[in-house]
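Everything below concerns the one structure shown next.
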Amino acid sequence: MECAEADCERPAAVELHIPWAANRLVCAPHGRVLGQREGVVVEALPDSGKYLLEDERD
């Protein structure tokens, strides 16, 4: 499953629980940024460990 953010083709690694909108499945980088908003809870998806630790410098 791909990230729900526009123009992102990375695999979804986390689910964002957003109180004011529908929950979204997003990649690790988007999860890190969007998860900093107040009230948002980030939950790792099962078997997403390799995507959570991806190295963007390659």
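Bear in mind that the values in this text are calculations on the coordinates, not laboratory data. Values in this document were obtained by computation on a predicted structure and should not be read as measured data. As a convention, Cβ positions derive from the backbone with ideal geometry for all residues, glycine included, and neighbour counts pool all protein chains shown.
The residues neighbouring Val41, those whose beta-carbon lies less than 13 Å from its own, together hold a net charge of -1 under the Lys/Arg +1, Asp/Glu -1 convention.
Taking a sphere under 15 Å around the Cβ of Leu25 and counting the other residues whose Cβ falls inside, with K and R at +1 and D and E at -1, yields a net charge of -3.
In the chain, the DSSP-assigned H stretches of four residues or longer account for a calculated mean residue ellipticity at 222 nm of -4000 deg cm²/dmol, using -39500 (n - 2.57) per stretch and the full residue count as denominator.
Against the set (i) 1.07; (ii) 0.95; (iii) 1.15, the structure's computed Rg/Rh (Cα atoms, Kirkwood Rh) falls on (ii). Ignoring the sites themselves, what is the longest stretch of the chain with no trypsin sites (Lys or Arg not before Pro) in a DSSP loop and at most 16 other beta-carbon atoms within 10 Å? With trypsin sites (Lys or Arg not before Pro) excluded where exposed in loops, the chain gives 1-36 as its longest stretch.
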